[in-house]
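Notes follow the structure.
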Amino acid sequence: MSRILITGANGQVGFELQRALAVLGDIVSLDRAGLDLTQPDAIRQTLDRHQPDIIVNPAAYTAVDKAESDADTACKVNAEAPAELAAWAAEHGALLIHYSTDYVYDGEKDGAYVETDAANPQSVYGASKLAGEQAIVAAGASHVIFRTSWVFGAHGANFLKTILRLAGERESLNIVADQIGAPTSAALLADVTAHVIQRYRQSPQAFPSGVYHLSAAGETSWFEYARSVAMLAEEQGLPLKLSSANIQPIPSSAYPTPAKRPHNSRLDCSKIRATFDIHLPDWQDGVRHVFAQLCQR
Ligand SMILES: NC(=O)c1ccc[n+]([C@@H]2O[C@H](COP(=O)([O-])OP(=O)(O)OC[C@H]3O[C@@H](n4cnc5c(N)ncnc54)[C@H](OP(=O)(O)O)[C@@H]3O)[C@@H](O)[C@H]2O)c1
């Protein structure tokens, strides 16, 4: 029986991991109060106390704009803490599963990014996440780093929930239409994590450690994504001020933010599909599922 330690248990992915990994072993779920990743000593002490075989680290400093003026904390959580987790994993023969982001790329490529494309983060958040990846690879433990994009779920804050809220408050919305990516559900990330852990347990010696792109299939813009959420809400007969026809496309230049976002967040997921023999469902499937969960509340 494995002992699986999950950080950031109150985040979108952390929440879903607790569900998806429960059948795989003894779970130790730690939210920020249970393990503060800005405290390296606490990280070591916590790992020593629980002695996990598998460490799953969805915790991150995800406030992308705030990170621009708080680089020190972003670096502690996104780079130094993963380095600490990876060092412990290497010393104790544990597996480390970690999550990274499309923000490691500059978004200037024409097609979908593959894992071997050069990283060129344009934000503090992206740079801190890339530094975390590099520290994990250098530590030498068995590891998987999932680079994902546009995460959403029923638990936590995300674009889908923001659009649903705004649809009840406003009659029109302007949404950026020149950033392309794949909305990826936290549940999909958690389910693939469970699948990868099962593979590790079958043959830990032959485990294919590495960086893997992991996003739902298909692609969209934030504008089209917002429209599809509003249309689902209309179909469902929710009380709305907004009509999906009153969502207007705007360029990123009309919505300036402290952190620069990549225009192209498309991630080619061929490597993970082939290596772990998985099928990645279309992004709309995840949206419909989370939407249904939210409607039941
Ligand atoms: N969200 C996205 O769109 C997106 C896109 C690409 C990649 N990712 C990556 O996917 C992973 C999961 O993201 P997510 O969407 O689940 O993020 P999330 O919902 O923001 O959850 C992150 C969790 O990390 C915790 N955390 C922050 N600082 C911490 C600290 N000092 N010590 C311990 N825990 C701390 C937060 O705690 P509190 O609950 O107390 O704040 C939160 O529960 C992250 O690695 C993220 O970089 C996310």
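Every read-out reported here was derived from the displayed coordinates using simple, explicitly stated rules and does not represent laboratory data. Note that the structure is predicted; figures quoted are calculated from it, not measured. Backbone-built Cβ (ideal geometry, glycine too); neighbour counts: all protein chains shown.
Cross-link partners for Lys109 among the aspartates and glutamates, with Cα-Cα distance under 20 Å and sequence neighbours closer than 8 places in the same chain left out: Asp117, Asp178, Glu219, Asp268.
Anisotropy class assigned to segment 216-297 is oblate, per the alpha carbon gyration tensor with a/c at or over the 1.5 cut-off and a/b no larger than b/c.
Based on the alpha-carbon gyration tensor of segment 103-200 and its eigenvalue square roots a ≥ b ≥ c, which shape applies: rounded if a/c is under 1.5, prolate if not and a/b is larger than b/c, or oblate?
Numbers: a/c = 2.39, a/b = 1.48, b/c = 1.62.
Oblate, because a/c is 1.5 or more while a/b does not exceed b/c.
Can you tell me which of Ala112, Ala230, Ala74 moves the most in a GNM of the chain? Springs connect C-alpha atoms under 10 Å apart. Result for the chain, Cα springs under 10 Å: Ala112 fluctuates most. Each of Asp277, Asp282 was scored by other Cβ atoms within 10 Å of its Cβ. Arranged with the fewest first, they read Asp277, Asp282. Can you give the relative contact order of segment 124-242 as a percent, counting alpha carbon pairs under 8 Å and 6+ residues apart? Taking the mean separation of contacting Cα pairs over the length of segment 124-242, I get 40 percent.
Structure remark: mean-square fluctuation, Gaussian network model of the chain, C-alpha springs under 10 Å; the largest value among Pro52, Pro251, Pro121 belongs to Pro251.
Which shape class applies to segment 45-130: rounded if a/c is under 1.5, otherwise prolate when a/b exceeds b/c and oblate if not, where a ≥ b ≥ c are the square roots of the Cα gyration tensor eigenvalues? It is oblate, given that a/c is not under 1.5 and a/b is not larger than b/c. Using R0 = 30 Å, the C-beta based FRET efficiency linking Ala42 and Glu68 works out to 0.70.
Based on the Cβ-Cβ distance from Thr275 to Asp117, what FRET efficiency comes out when R0 is 25 Å, to the nearest 0.05? Mind showing how you got there, number by number?
Details: r = 18 Å, r/R0 = 0.70.
Using R0 = 25 Å, I get an efficiency of 0.90.
For segment 165-180, the residues whose amide N sits under 11 Å from a probe point set 7 Å from the Cα of Tyr255 along the beta carbon direction are 173-180. Normalising the average separation of contacting C-alpha pairs (under 8 angstrom, six or more residues apart) by the number of residues puts the relative contact order of the chain at 21 percent. Once the chain from Leu24 to Cys295 is taken as fully extended at 0.36 nm per residue, the excess over their C-alpha distance is 94.6 nm. When the charge dipole of segment 1-98 is built from unit charges on Cβ atoms (+1 for Lys and Arg, -1 for Asp and Glu) and taken about the Cα centre, the candidate among Gly8, Pro52, Ala63 whose Cα reaches farthest toward its positive end is Pro52. Note on the chain: helix-only mean residue ellipticity at 222 nm, from DSSP H runs of 4+ residues weighted -39500 (n - 2.57) and normalised by residue number, equals -12000 deg cm²/dmol. Can you give the log10 of the normalised intensity I(q)/I(0) at q = 0.13, 0.16, 0.17 Å⁻¹, computed with Debye over equal Cα scatterers of the chain? Debye intensities relative to I(0), on a log10 scale: -0.90, -1.34, -1.48.
Largest GNM mean-square fluctuation across Ser243, Ser253, Ser100, computed for the chain with C-alpha springs under 10 Å, falls on Ser253. At q = 0.12, 0.20, 0.27 Å⁻¹, work out log10 I(q)/I(0) for segment 52-102 with the Debye formula, treating every Cα as an identical point scatterer and leaving solvent out; two decimals please. Debye output, listed in q order: -0.29, -0.69, -1.00. Charging the Cβ of each Asp and Glu at -1 and of each Lys and Arg at +1, and nothing else, the dipole of the chain about its Cα centre rounds to 500 debye.
Think of segment 178-244 as having a plus end and a minus end, set by charges on the Cβ of Lys, Arg, Asp and Glu; of Phe223, Leu240, Gly181, Gly181 sits farthest toward the positive end of this dipole.
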